[in-house]
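Notes follow the structure.
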Amino acid sequence: MSDFWFDLGPLAALPVRGARIVRTPRRDIAVFRTAGDEVFALENRCPHKGGPLADGIVHGRKVACPLHNWIINLEDGEAAGADKGCARTFPVKLENGRIYLDMGVAAAP
Amino acid sequence: MQQASRRKLVVLGNGMAAGRVLEELFARAPDRHRVTVFGAEPRVNYDRIMLSPVLAGEKRFEDIVVHDDAWYARHQVDLRKGETAVAIDRQARTVRTASGAVEPYDELVIATGSRPILIPVPGADLAGVVTFRDLDDVEAMLAAAGRGGNAVVIGGGLLGLEAAAGLALKGMKTIVVHLMPTLMERQLDPSAAYLLQKAIEKRGIEVLTGANTSALLGDGRVEAVRLEDGRTLPADLVVMAVGIRPHGAIAAAAGLEVKRGIVVDDHMRTTDPDIYAVGECVEHRGACYGLVAPLYEMARVLAARLAGEEGPGYAGSALSTKLKVTGVDLFSAGDFSESDEKDEIVLRDPARGVYKRVVLRDNRIVGAVLYGDTADGSWYFDLLKKGADVSELRDTLIFGQAYQGGGVLDPRAAVAALSDDAEICGCNGICKGVITRAITAKGLASLEDVRAQTKASASCGQCTSKVEALLAFSLGDSYAAAARKPMCKCVDLTHEEVRGLIVSRALKSQPAVWQELGWKTSCGCPSCRPAINYYLLCAWPGEYRDDAQSRFVNERVHANIQKDGTFSVVPRMWGGLTTANELRAIADVADKFKIPTIKVTGGQRIDLLGVRKEDLPAVWADLNAAGMVSGQAYAKGLRTVKTCVGTEWCRFGTQDSTGLGVKLERFLCGSWTPAKVKLAVSGCPRNCAEATVKDIGIVCVESGYDIHIAGAAGLHVRATDLLGHVTTEEEAIEHVAAVMQLYREQAVYLDRVWKWVEKTGLEKVRAAIMDDHDGRKALVARFKKSQRAVHRDPWAERAAGRELHEFMPLAVLAPARRRMAAE
Ligand code: SRM
Ligand SMILES: Cc1cc2nc3c(=O)[nH]c(=O)nc-3n(C[C@H](O)[C@H](O)[C@H](O)COP(=O)(O)OP(=O)(O)OC[C@H]3O[C@@H](n4cnc5c(N)ncnc54)[C@H](O)[C@@H]3O)c2cc1C
Ligand code: SF4
Ligand code: FES
């Protein structure tokens, strides 16, 4: 499948150490921005009980789920520490100050 | 080689890249080309980065010339100073200049650098507005500085700060206006930026961060800068230093590929095989550069190419930055975007103003920020570029190159090895001998004793662990470290110590706290960030700006998150009272937004559960329209004031408990507290409002009001303690507000009132509230001040559009095809 980089807008649309969601027909995707202006994308569902990860506190390259405080790694979606589970990651990139999400992957099942 | 058989090389631009290419080329193949250089600037090649010292008066132009006229003559280069190239004819292989000259080429090098960005605000074209790029700009600034007056530098990056430092040295009253919250945010993390700002301010330069310029004012000549928040700054000179844009117009017009910069391959070739580009004007593998180190690497590759050598290509550069302001030691390199504690090493020395941070990934250095002591910058940068595995060095890496090779000391052995006059506490200048003598002579046995007797570690606390090691070393096994509980793993200090130091040292930002109190991580953790955010808000009301990203989602979006990711909305019902209109509005909102559950809460009000996040602002707008405001059911702040019906209706009522409850709720709601606060007012000792299990409870009696505090009925159940008795309603309100403020100022973040009272002792609280008349009045005055800063309805603000990003998705991608099919 060829990639289709969809323009989500300027980096400034995301709060530093924060996240917002992208609604797609199949799923909500949380797009995160770290203090160092890196972006990451995870399915907006905590592997524990489906908590909305975009609402969590972002620290380092991690987010704390707002429901029961599982710590999820932004890079690979894995739960940190003793908790086991993984949120799905999606390809996202930053180019010339704009955020792009690979819809080829994001829209696939 | 014959003159005629030499290839004709034309170079556009005579800046740093061009100068370096020619130098490298002549070293490799001195006779291969006949060279013509067009330089828009009317002068020889000079070291642009040294313009800052020229502005500061530390160097003269002659000192920074790289190639003088004799050099060009020696290499038979035809240098056309002050002649701008305007077009390239790729068919004819010629270049045309502004003066009409046409010059043929065999090979062409574009080295046109970049152009400073002018922010498009009204007045940007006024006289007295300059950029900082070439000698003409420096001369304009020096001329303005000669007349004195006010300078405003827009942009707090490398160039802006160097300009500001120069202008201040020349006697201008200088202000730096920076859009972002911290200086040099692309090169520095917040801690280093904090130290930098302090150093810049020490030079008498004012720094305004988070400040957006909206216009330059003046009649022909600039007179002032207006900011978006309405402030106007007087200005006789404005320097715009907000960034640069690669200068690729001439290439684009000739049909070469230009994106942000002129696109080149690894051998600096553009999309035309006879045309090369080099320096700041290029874009290589998607990256544009604004520093000289990459240009030097590019120049080497290009020179080899022009010399006909088959060398390795250019592969992109790692960057490092230094600021050329005399007396400011700062170094940054690579990627130090926020890392996790486990892969960063931080060293702070608050007394010397030193901050060092090295970021690792897979045991390799990927970034470094150094402030105050940059001696090891090049060592780290070297390890970074080599991708060296540093796992062996990890324990001593942060101390620098000089420490390598020695055995790793355990801290006790390390202090034991120190001489008696080695300084332990930098803040108070206390050396080891003073401490060990005090320990033995006065029989000190605890950290607190040492602090009280010697002042060591009583200021910033950074040396706490050293002092403890000294105690352990002096007392041997009889020393048991006290059960002090540090705030979190980022710091050795307790919550109470941090709170105290924030006030006594006037620390007003999170980076200031981290640096001055010696945080061991670069940016705190999810456990200390919300606490520090609260302590700063409480200590500096109206001055410290709340950091939403250091808050739990409920407090960020002013509603409570539910298990399915929807939210609940609880409007205030003052003292438990409501009206038919309010109930109607609630019913309407529930219908309109299809809210599934409406529930009466345990706090005498109504909860609307299952509201979609996107609907929140609209729900609030409707509730606001009916006169309702946020019930702050999500806040570490005042939640509810439960009441009973009191004298208004009840046959036993002794006072107007409902009315007092309403007054208290209106007065106390709004400002943040360490944990949630719940009140109740009962009209008589039958206590129908359950006042004796609340954080603060009032029980009305015939003679007035009994004020109770420290009740709890949650995870922990505890009946209140009686604080005291007052006779009038006014006094009751005053005493309650004073308790609120004392709790706000003293309690550890997340401690409910009962916990604080148990830690502090009821007697102490009683003395401060009931016995100290002036103290009480002062507490109430401070409480009122904190309320002024927040007494706006957060719902109304958000319904009006504040922080809309919290509620709106970044993007919504509708299934276009499916929707069409459905239509
Ligand atoms: C809605 C409500 C239950 C109800 O349907 O009645 C409620 C709901 C929640 N309570 Fe409560 N508490 C509610 C009254 C109480 C009461 C009774 C009271 O206020 O009179 C108590 C005991 C009194 C006390 O606070 O000491 C109470 C003690 C707690 C506790 C334990 C606090 C403690 O320090 O021990 C928690 C947990 C916490 O705060 O960490 C809690 C936490 C919660 C949370 C916020 C759980 C959470 O984190 O999601 C629930 C939020 C649901 C929501 O979206 O509204 N709730 N909660 C009540 C809202 C009152 C209001 O109008 O604001
Ligand atoms: C004040 C200041 C301080 C700096 N400090 C540092 C520092 O500390 N460290 C660091 O690494 N970097 C620093 N830099 C950046 C560094 O100077 C640049 O990266 C470097 O000069 C870029 O070289 P260049 O040859 O690509 O462009 P330039 O040096 O800008 O040269 C381009 C030249 O081309 C000329 N030109 C443009 N168009 C035409 C045309 N059509 N015809 C003819 N001529 C043309 C321009 O007039 C200019 O002289 C600083 C820059 C400034 C301004
Ligand atoms: S008691 Fe409070 S926290 Fe527990 S389920 Fe009920 S509302 Fe939630
Ligand atoms: S749903 Fe995320 S921690 Fe429970």
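No lab work stands behind these numbers, since they all come straight from the coordinates. Just so you know, these numbers come straight off a predicted model, no measurement behind them. Glycine also receives a Cβ, built like all others from the backbone with ideal geometry; neighbour counts cover every protein chain displayed.
Shape index of region B:703-763: Rg/Rh, with Rg the Cα radius of gyration and Rh the Kirkwood radius from the inverse mean 1/r over Cα pairs, equals 0.99. Using Cβ point charges alone (K and R +1, D and E -1), the dipole size of the protein assembly as shown about the Cα centre works out to roughly 1420 debye.
Counting only cysteine Cβ atoms and a cutoff under 4.7 Å, chain A contains unmatched residues A:Cys86. What Kirkwood hydrodynamic radius do you get for region B:482-634 when you take the inverse of the mean 1/r over all pairs of distinct Cα atoms, in Å? Evaluated over region B:482-634, this radius sits at 17.9 Å. Reducing region B:57-74 and region B:268-337 to their Cα centroids gives an inter-centroid distance of 23 Å. Summarising the overall dimensions of region B:557-702 from its C-alpha atoms, the Rg and Dmax are 15.8, 51 angstrom. Look at B:Cys281, A:Cys46 and count the other Cβ atoms within 10 Å of each Cβ; fewest to most, that gives A:Cys46, B:Cys281. Bridges between two residues of chain B, per DSSP, are antiparallel at a rate of about 60%.
As a calculated quantity, the FRET efficiency between B:Glu690 and B:Asp591 at R0 = 41 Å, using C-beta atoms, amounts to about 0.80.
For chain B, the Cβ-based charge dipole about the Cα centre amounts to some 1080 debye (Lys, Arg positive; Asp, Glu negative; other atoms uncharged). Binning all Cα-Cα separations of region A:1-90 at 10 Å, short to long from zero, yields these whole-percent fractions: 19, 53, 25, 4.
For B:Lys594, a cut-off of 20 angstrom between C-alpha atoms picks up these lysines, skipping any fewer than 8 places away in its own chain: B:Lys563, B:Lys613. The three principal axes of the Cα atoms in region B:513-579 give end-to-end lengths of 53, 31, 15 Å, sorted in falling order. With both labels modelled 7 Å from their Cα along Cα-to-Cβ, the B:Leu475 to B:Arg361 distance reads 4.6 nm.
Computed over region B:124-173, the percent of Cα pairs more than 17 Å apart is 27. So if each residue of separation counts as 0.36 nm, and I subtract the Cα-Cα distance between B:Ala417 and B:Asp546, what length gain in nm does that give? My answer for the length gained is 41.9 nm. Computed over region B:182-316, relative contact order equals 12 percent, with contacts defined as Cα pairs under 8 Å that lie 6+ residues apart. Amide H to amide H, with H built 1.01 Å from N, B:Glu283 comes under 5 Å of B:Gly261, B:Ile262, B:Val263, B:Val264, counting only residues 5 or more places away or on other chains.
Cross-link partners of B:Lys81 among aspartates and glutamates, defined as those whose alpha carbon lies under 13 angstrom from its own and excluding same-chain residues fewer than eight positions apart: B:Glu41, B:Asp68, B:Asp69. Start at zero, step by 20 Å, and the Cα-Cα distances of chain B spread as 13, 33, 32, 17, 4, 0 percent across the bins.
For B:Lys173, the lysines whose Cα falls under 29 Å of its own Cα, not counting residues fewer than eight places away in the same chain, are B:Lys59, B:Lys198, B:Lys202, B:Lys322, B:Lys324, B:Lys508. Remark: region B:644-730 is approximated by an ellipsoid whose semi-axes, taken from the C-alpha gyration tensor as √(5λ), come to 21, 15, 12 Å, largest first.
Based on Cα contacts under 8 Å between residues 6+ apart, chain B shows a relative contact order of 7 percent. Could you give me D for region B:590-639, from Stokes-Einstein at 20 °C and 1.002 mPa s, where the hydrodynamic radius is the Kirkwood radius over C-alpha pairs? Units µm² s⁻¹, please. In µm²/s, the coefficient is 181. Taking θ as phi - 60° and the Karplus parameters 6.51, -1.76 and 1.60, the scalar couplings of region B:343-354 work out to 10, 9, 10, 10, 10, 10, 10, x, 5, 9, x, 10 Hz in sequence order, x denoting glycine and proline.
Could you tell me which of rounded, prolate or oblate describes the protein assembly as shown, using a ≥ b ≥ c as the square roots of the eigenvalues of the alpha-carbon gyration tensor, with rounded for a/c under 1.5 and, failing that, prolate when a/b is larger than b/c and oblate otherwise? Here the protein assembly as shown falls in the prolate category. Candidates B:Gly576, B:Ala193, A:Pro91 compared by Cα position along the dipole of the protein assembly as shown: farthest toward the positive end lies B:Gly576, with charges placed on Cβ. Computed across region B:1-49, the Kirkwood radius stands at 11.7 Å (inverse of mean 1/r, all Cα pairs). Here region B:42-154 is described by how far its Cα atoms reach on the three principal axes: 52, 38, 20 Å, from widest to narrowest. For GluC sites (Glu not before Pro), the sites in region B:287-324 that DSSP calls loop and that have at most 12 other Cβ atoms within 10 Å are B:Glu309, B:Glu310.
The residue among B:His735, B:Gly724, B:Val677 whose Cα reaches farthest toward the positive pole of the charge dipole of region B:677-755, with charges on the beta-carbon of Lys, Arg, Asp and Glu, is B:Val677. On the basis of the beta-carbon distance and an R0 of 35 Å, B:Leu217 and B:Asp47 show a calculated FRET efficiency of 0.45. Distance between the C-alpha centres of region A:41-65 and region B:590-654: 29 Å, rounded to the whole angstrom.
Taking Lys and Arg as +1 and Asp and Glu as -1, the other residues whose beta-carbon sits under 9 Å from that of B:Lys676 total +3. Dipole size of region B:572-652 about its Cα centre, with +1 on Lys/Arg Cβ and -1 on Asp/Glu Cβ: approximately 320 debye, rounded to the nearest 20. Where the alpha-carbon atoms of region B:198-303 are placed on the principal axes, they occupy 53, 34, 21 Å, in descending order.
Here region B:672-823 is treated as an ellipsoid with the same Cα gyration tensor; its semi-axes, largest first and in whole Å, are 43, 19, 16.
Net length available on complete extension from B:Ala92 to B:Glu803 is 250.2 nm, with 0.36 nm assigned per residue and the Cα-Cα distance removed. Once both labels are positioned 7 Å from their Cα atoms along Cα-to-Cβ, the gap between A:Arg26 and B:Arg285 label points is 3.1 nm.
Output the pairs from B:Lys489/B:Lys676; B:Lys755/B:Lys777; A:Lys49/B:Lys636 with a Cα-Cα distance over 28 Å in this structure; if there are none, say none. Over 28 Å apart, Cα to Cα: no pair at all. Quick one: check the C-alpha center-to-center distance for region B:144-190 versus region B:498-553, whole angstrom. Centre-to-centre (Cα) distance: 27 Å. Across region B:167-251, Cα-Cα pairs farther apart than 20 Å form 45% of the total. Efficiency by 1/(1 + (r/R0)^6): what FRET value for B:Thr326 and A:Glu95, r their Cβ-Cβ distance, R0 = 41 Å, to the nearest 0.05? Working from the Cβ atoms, E equals 0.60. As a proxy for reagent exposure, ranking A:Lys93, B:Lys520, B:Lys678 by other Cβ atoms within 10 Å from fewest up yields A:Lys93, B:Lys520, B:Lys678.
Panel order for B:Leu397, A:Leu94, by other beta carbons found within 10 Å of each beta carbon, from fewest to most: A:Leu94, B:Leu397.
The label point for B:Asp136 and the one for B:Asp395, both projected 7 Å from the Cα toward the Cβ, are 6.1 nm apart.
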